[in-house]
Structures are given as structure tokens and as C-alpha cells.
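In what follows, a structure is listed as C-alpha cells, so that the remarks can point back to it.
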Number of protein chains: 2
Amino acid sequence: MSTFATITQFARMLNNLDQWLQSGVAYAEKKGFDPDVLTQARLAPDQYALVQQVQSACDAAKYAAAYLSGQKAPSHPDTEKTIEELRRRIRTCVAYLDTFKASHFAGAEERRVAPPWMEGNAVRGDEYMQRIAVPNFYFHVTTAYAILRHNGVDLGKRDFIGVRSWTEFAAA
Amino acid sequence: MSTFATITQFARMLNNLDQWLQSGVAYAEKKGFDPDVLTQARLAPDQYALVQQVQSACDAAKYAAAYLSGQKAPSHPDTEKTIEELRRRIRTCVAYLDTFKASHFAGAEERRVAPPWMEGNAVRGDEYMQRIAVPNFYFHVTTAYAILRHNGVDLGKRDFIGVRSWTEFAAA
């Protein structure tokens with residue numbers, strides 16, 4: 001799995017997340033409640049609400065792409081309050097991920113990654129991706145999905161994985 | 001990220017999951033309830049309970065290692081009813097993952113992967129890992145974590161990622 005392939009997969013999962021949010025809106029309309037109530041739903045009082053789960057998923061993907069290509073990540077302020085704004089945040093993030101080509105990640109696995117929150121520490125690019133970026137990204141998309149499921153939105157594992165047909169896959 | 005590195009990461013996350021279960025037991029003892037109540041906890045009535053989330057996380061890791069190395073996966077029947085039995089299931093799975101060396105995965109990325117549930121379809125090894133095994137694995141470990149958090153178990157992101165010190169990482 002190349003770094004580029006993982007960034008591509010992050011974009012794919014963010015598009016899946018956008019679909020789950022749309023299912024949330026459809027569910028709210030069917031039940032007759034304001035869909036934006038879902039943005040403040042959470043699974044535990046000291047865990048992020050949906051809005052922050054979506055923001056964090058976007059940031060995990062954005063920073064992984066930036067750090068591993070040696071770019072400075074664009075700023076995406078956490079100002080979203082509605083599902084539509086969250087959907088726009090996802091589109092902005094995916095558009096950024098779509099600017100990358102495989103060649104941007106030449107040498108990424110050996111690159112030194114030292115995010116501010118590591119407070120002066122650094123890890124190698126491949127370890128950053130495998131042990132921090134990937135778990136962190138999936139943590140936030142899965143928790144967003146779980147918040148929607150917990151609130152009754154009709155989703156299943158196929159929606160999570162987002163596979164519609166095996167013909168989408170590289171031939172084996 | 002090599003296939004072997006991803007399998008190693010699955011083992012690391014399963015050991016983290018084992019720690020979360022232990023935190024669940026400690027929490028139950030402190031609050032004075034039977035810890036095995038947690039095994040049947042779930043976030044939605046039509047989603048798997050904790051017991052199946054743990055079994056599925058183990059299986060996602062086990063089958064990825066088996067399929068991508070061309071081995072037949074060992075059978076681990078889903079008979080667990082208690083937290084202690086789930087912890088044993090995790091240990092059994094991790095012991096299996098620990099039998100693999102990098103050399104077992106030579107050519108894994110081009111290998112044809114055709115699990116029974118794909119009903120005659122097949123995908124290439126790298127796509128199986130990136131688009132099915134990794135999302136599916138993290139789906140189940142994160143949902144297990146979310147079930148525990150939802151029930152009040154005292155866990156945080158550091159427990160999820162499982163990093164104790166940056167010195168554990170390959171030098172950058």
C-alpha cells in the first residue's frame with residue numbers, strides 16, 4: 001500500500017462519510033426533526049460530537065497528505081454548525097486530497113514527520129501513517145458513523161465500506 | 001506501508017483492545033456491576049454487540065494475514081460469552097499474527113484474494129487490504145471502543161492509539 005494509495009482511500013472514505021450525512025438528513029426529514037440536531041449528537045458526554053468527528057476526520061486526512069509530501073496544510077477553520085456546512089468541509093478536504101499525485105509522495109516513508117502536537121518529537125513517515133494517521137482517521141469516521149447509527153439512521157456495513165461493485169477494483 | 005507492517009499494526013491494535021477490555025473490567029468492579037454485562041452492550045439494536053465486535057476485529061486481522069500470505073486461516077469459533085473469553089480470543093489471534101514474517105507476504109500486493117463471501121469475485125491483494133481489510137478492522141475495533149465509552153469506561157484517544165512514548169517509533 002503506497003502512501004498515495006492510502007491518501008486516495010482517505011478521500012474515498014470521506015466521500016462515504018458524506019453519503020452517511022445525506023442519509024442522516026433523509027432520516028431527519030422522514031421523522032420530521034431538524035437534521036442539524038445530529039451535529040451535536042455524541043456517544044459519551046466527554047467525547048466529541050458529530051461535528052468534531054467530521055472535522056477531525058478531515059484534518060487527519062489533510063495533515064497526513066501535507067506532512068508526507070512536505071507541504072504546508074491549508075487552514076480549514078472549525079466553524080461548521082450545520083450538516084450542509086460539514087458536507088462542504090468534506091468537499092473542501094477531498095478537493096485538497098485530489099491535488100496530489102503519486103509523485104508528491106516520493107520518499108514519504110523515510111520523511112521526518114514532526115507535527116506541533118508532538119512537542120519537538122519526530123517519527124518516520126511510514127510509522128506516522130501506519131500507527132497514527134490511519135488509526136486516527138478511521139477512529140473519527142467510524143465514530144461519526146456510530147453516532148448516526150446510534151440515532152437511528154439506516155446504515156449498514158456496505159455503506160461504511162462503500163463498495164458498490166467488485167468491478168471497481170483492480171483486476172486480480 | 002508493507003503488508004507485514006499492516007499485520008503488525010493489527011496485532012498492536014488488538015493488544016490495545018485487550019487493554020480497553022481490562023479498563024472495562026476495572027470500571028465494572030469500581031461501580032459494582034458484572035463486567036460481562038458489557039459483552040452484550042451495543043450502540044444500536046441492529047448493530048453487533050461488543051462480543052461480536054471483538055470477534056469480527058480478530059477475524060478481519062486473521063483473514064487478512066491468511067489471504068495475503070496464501071495460507072488457510074485457522075478456525076476460531078465464535079463461542080465467547082465473557083470478557084475473559086474475549087481476551088483469550090484476542091490472545092489466540094495475536095499469537096497467530098505473530099507467526100508471520102515479512103517473507104510470508106512476498107507478492108502479497110498482486111495476490112488474487114477471493115473470500116467465500118465475495119461469491120466468486122476476486123480482488124487484488126493490495127486493494128483487498130486497503131479498501132476492505134483495513135477499514136473493516138478499524139470499524140470493529142473503533143466500535144468496540146465506542147461501546148465501552150458509551151457505557152462510561154474511562155478511555156481516551158491515547159488509549160486508542162496506544163502510544164506510550166515516541167521512543168517506540170523508528171528514528172526519523
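The values are calculated or read from the model by the stated rules, or taken from the named source; none is laboratory data. The structure displayed is predicted, hence computed values, not measured ones. Every residue, glycine among them, receives a Cβ derived from its backbone with ideal geometry; neighbour counts consider all protein chains shown. Only protein heavy atoms, including side chains, enter the accessible area calculation; ligands, DNA and RNA are left aside. Shrake-Rupley method; radii C 1.70, N 1.55, O 1.52, S 1.80 Å.
Evaluated with a Cβ-only charge set (Lys, Arg +1; Asp, Glu -1), chain B carries a dipole of roughly 240 debye about its Cα centre, given to the nearest 20. Label-to-label distance, A:GLU168 versus B:THR167, with points set 7 angstrom from Cα along the beta-carbon direction: 4.5 nm.
Classification of the protein assembly as shown by its C-alpha gyration tensor yields a rounded form. The axis ratio a/c (a ≥ b ≥ c) stays under 1.5.
Averaging 1/r across all pairs of distinct Cα atoms in region B:36-152 and inverting the result yields a Kirkwood radius of 15.2 Å. Averaged per residue, region A:39-113 has 48 square angstrom of accessible surface, using a 1.4 angstrom probe with ligands and nucleic acids left out.
Per-residue shielding of A:138-145, expressed as the average number of other chain Cβ atoms within 10 Å of the residue Cβ, stands at 5. Here the protein assembly as shown exposes an accessible surface that is 49 percent carbon and sulfur, computed with a 1.4 Å probe and the other protein chains kept in place. Estimated at 0.36 nm per residue, the fully extended path between A:ARG158 and A:GLU110 surpasses their Cα-Cα distance by 13.8 nm. Residues of region B:106-135 that bury at least 40 Å² of accessible area when the other protein chains are present, relative to the chain alone (probe 1.4 Å, heavy atoms, ligands and nucleic acids excluded): B:VAL123, B:ARG124, B:GLU127, B:GLN130, B:ARG131, B:PRO135. Under the membrane-span-like helix rule (DSSP H runs whose alpha carbons stretch at least 20 Å along the helix axis, mean Kyte-Doolittle hydropathy 0.0 or higher), chain B yields B:50-69, B:134-150. Averaged over peptide A:150-161, the number of partner chain Cβ atoms lying within 10 Å of each residue's Cβ comes to 3. Once all protein chains are placed together, A:GLU29 keeps about 130 Å² accessible to a 1.4 angstrom probe. Of the residues A:ARG91, A:ARG149, ranked by 1.4 Å probe accessible area with the largest first, the sequence reads A:ARG91, A:ARG149.
Of all the Cα-Cα pairs you can form in region A:108-172, what percent are over 19 Å apart? Distances greater than 19 Å cover 56 percent of the Cα pairs. Placing unit charges on the Cβ atoms of the charged side chains and taking the dipole of region B:1-138 about its Cα centre, the candidate lying farthest along the positive direction among B:PRO77, B:ALA95, B:SER23 is B:ALA95. Projected onto the charge dipole of chain B (+1 at Lys/Arg Cβ, -1 at Asp/Glu Cβ, origin at the Cα centre), which of B:TYR63, B:ASN136, B:ALA11 gives the Cα projection farthest towards the positive end? It is B:ALA11. Accessible area ranking (1.4 Å probe, heavy atoms, ligands and nucleic acids excluded), largest first, for A:LYS101, B:LYS62: A:LYS101, B:LYS62. As a length-normalised measure over Cα pairs under 8 Å and 6 or more apart, the relative contact order of region A:71-163 settles at 13 percent. When the accessible areas of A alone and B alone are added and the area of the pair subtracted, with a 1.4 Å probe, the result is around 4600 Å², both sides summed. For B:LYS157, the solvent-accessible surface with a 1.4 Å probe is about 70 Å², rounded to the nearest 10. Ordered by 1.4 Å accessible area with all protein chains kept, B:TYR96, B:TYR138, A:TYR63 run largest first as A:TYR63, B:TYR96, B:TYR138.
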